[in-house]
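What follows is a single structure, written as C-alpha cells, with notes after it.
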Amino acid sequence: MKLSVFSTDYFLGLRNLWESRTILLPATKFHRFLSSKSNSFREYEVNIKTCGALYRKWRTEKKFKSLPNGDLNFKVTYIDNYESSILKSKSSVPVVVAIHGAPGSYNDFYALASYLQHKARIIVPTFPDYSYYKPGVFRFSAEEKAQLLKDFLTAISVSHVDALVAHSSGIYPALRLCYDDNLTIKSLIMLNVGTYTFDMKSTKHIRIMGKITAASENPILLKILQILAPTLFKMIKIPVRIDNIMDTLLTTSTMVYADIPQAKERFSQLSQKGIPVLYAFSNDDKLIGKEVSYELAYLLGASDADIYVYDKNGIMMHTGRENSILKVMSFEAGSHYVFKKHADILHKSIEDFLDKL
C-alpha cells in the first residue's frame, strides 16, 4: 500500500481526523516527517491484530485462568526511512529492526538510527503499554511480543532482517524471532540485554515480582498496588524506576513472563544456527550486572582474551579477538544504555558489523 505524506503544518489536524479513521479514513497506515531536517525518518502507525492463535493454544494448555477470546488490536507507532532518496538510489541496503526494552520507545534508538540512516533501512517500533489493555490481557510475555513483532513485520511487508537489534528485555522476543521459520534473521546485535538467569540484579526477587504481577491482574488488587507498590519496590530494593507505577508493573510483567531460563538454549544455539552476534554490555549495569553478563559472553563462545574491554572513559584497555560469528565488548561504565553512553564507539562498531554481513 502506498502511503501518503502529510506535512507537519497539517499533522495535528489530521491526527485528530485519524482518531475517527474507522468512518473517515479506512487506510491502516499514515506517517509524518520527524522534526529534524538532518534525517530521513518518518513516524508511521499501523494497526495490528495479533495473538489470537496463541491464546487458543494457551487455552488448550491451560496456561492462564483467563485469556482473550481472539486477536487483540494495537496501533503500533514506528520510525522508518524506507522512502529515503539516498536509499532509493542504491541497488540494495541492509534492513535493521530494533527492539527496545520495557518500558521504552523508538526514541531509545533514535541516535543509532540517525547514524545508520544512509547505510541501511532502519525500522524501530514502539511496543504498546497498559494504555491499551489492563494487566492480565496482554501480559507482555516473550511469546506475545514475538508474535506482535511478527505481525507487525508482516503488515509492513518485511520478511528478511539483516540485523535484529535488541536492548534489555527486548532480547527475549528477539531470540524467538531468530528461530522462526517464517522469518529470515541474518544477525543479532545485543545491547545490555537480559541473560538466562534470575541472578540478574533486576530479577533476584522474581518470586515477589511474580506475586505482584499476579495481583496486578486483579482489578481491585491493582488499585491497591498503585498506592502501595512504590513503597514495596523500595523495601525489597528491586532496581526499577517507580515514578510511573504502570510502567513499573509493565517491567515486572515483562520479566516474569520472559521465559528467562529457556533463553539459555536459544543463546547457546545461535552460533550453531550461523547467526553472527555483536554483544555489548556494561559492568555497572544496575539492572543486569557484570557477572551474569560475562557468563552470557562465555556461553556465546567468547573467552576473556576475546572480549574487547573499555574503561570508564571509553578507552580500550584490552583488544579482543572477533571472528565471523561473534564480537563481545565490555564497558566499565556504560550504564544500562551503553549505546548512548558510548555512542561513538557503539555506532561505529555496529556500522562495521553490518559491513561484514
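The values are calculated or read from the model by the stated rules, or taken from the named source; none is laboratory data. A quick note: this is a predicted structure, and the numbers were derived from the prediction, not measured. For neighbour counting, all protein chains shown are included, and Cβ atoms are generated from backbone atoms with ideal geometry for every residue, glycine included.
Quick one: which residue in I122, I171 is assigned to a strand (DSSP E or B) and either out of contact with any helix residue (DSSP H, G or I) (no Cβ under 9 Å at 6 or more places or on another chain) or in contact (Cβ under 8 Å) with a residue 40 or more places away in the chain (or both)? If you could, list the steps in order and put the result at the bottom.
Working: I171 fails: assigned to a strand (DSSP E or B).
Only one candidate qualifies: I122.
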Task: Failed condition for Y298, given (1) farther than 27 Å from F127 by Cα; (2) outside any helix (DSSP H, G or I); (3) at pLDDT 95 or above - done: (2)
Open item on the list: Restricting to region 89-116, name every residue that is part of a loop (DSSP other than H, G, I, E, B), modelled with pLDDT of 95 or more and over 19 Å from L148 (Cβ atoms).
Closed with: P94
Open item on the list: Looking at (1) touching a residue at least 60 places away in the same chain (Cβ under 8 Å); (2) crowded, with 16+ Cβ neighbours inside 10 Å; (3) more than 18 Å from L112 (Cβ to Cβ); (4) of a type outside the set (F, W, Y), which one does I350 not meet, given that it meets all the others?
Closed with: (3)
Task: In region 142-168, the residues that are among the polar types (S, T, N, Q), touching a residue at least 12 places away in the same chain (Cβ under 8 Å) and part of a loop (DSSP other than H, G, I, E, B) - done: S159
- [ ] Hey, can you tell me all the residues within region 48-73 that are part of a loop (DSSP other than H, G, I, E, B), of a type in the set (A, V, I, L, M) and within 15 Å of D151 (Cβ to Cβ)?
- [x] none
Task: Flag if K134 is part of a helix (DSSP H, G or I) and either out of contact with any Lys or Arg (no Cβ under 7 Å at 6 or more places or on another chain) or under 26 Å from S216 (Cβ atoms) (or both) - done: no
Open item on the list: Show the residue pairs meeting these rules: Cβ distance below 6 Å; 6+ apart or different chains; first residue within region 255-272 and in a helix (DSSP H, G or I) and among the charged types (D, E, K, R); second residue at pLDDT 95 or above and crowded, with 19+ Cβ neighbours inside 10 Å.
Closed with: K264/Y196; R266/L175
